């Protein structure tokens with residue numbers, strides 16, 4: 001439980017929609033796992049702002065591409 005609180009404090013608690021999409025896309029999940037903390041945090045912040053499934057899919061599609069999450 002303490003680990004979850006620490007992740008929430010650091011802004012690293014992954015939104016459910018993002019985790020579901022990553023689970024369906026192992027290649028994207030692998031890239032996500034290799035991101036540095038700053039990039040991963042920026043992606044998570046954008047995922048929290050996604051208003052629809054389409055926005056979340058577009059966000060996941062960008063993982064590993066030329067666009068950065070900063």
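The values are calculated or read from the model by the stated rules, or taken from the named source; none is laboratory data. Bear in mind the structure is a predicted one, so any value in this text is a computation, not a measurement. Reconstructed Cβ throughout: ideal geometry from the backbone, glycine too, with neighbour counts over all protein chains shown.
Does any residue of region 48-55 turn out to be loosely packed, with under 10 Cβ neighbours inside 10 Å, modelled with pLDDT under 95 and not in a helix (DSSP H, G or I)? No, because not a single residue in region 48-55 is loosely packed, with under 10 Cβ neighbours inside 10 Å, modelled with pLDDT under 95 and not in a helix (DSSP H, G or I). Being modelled with pLDDT under 90 and not in a helix (DSSP H, G or I), is that true of even one residue in region 13-28? The answer is yes, given that some residue of region 13-28 is modelled with pLDDT under 90 and not in a helix (DSSP H, G or I).
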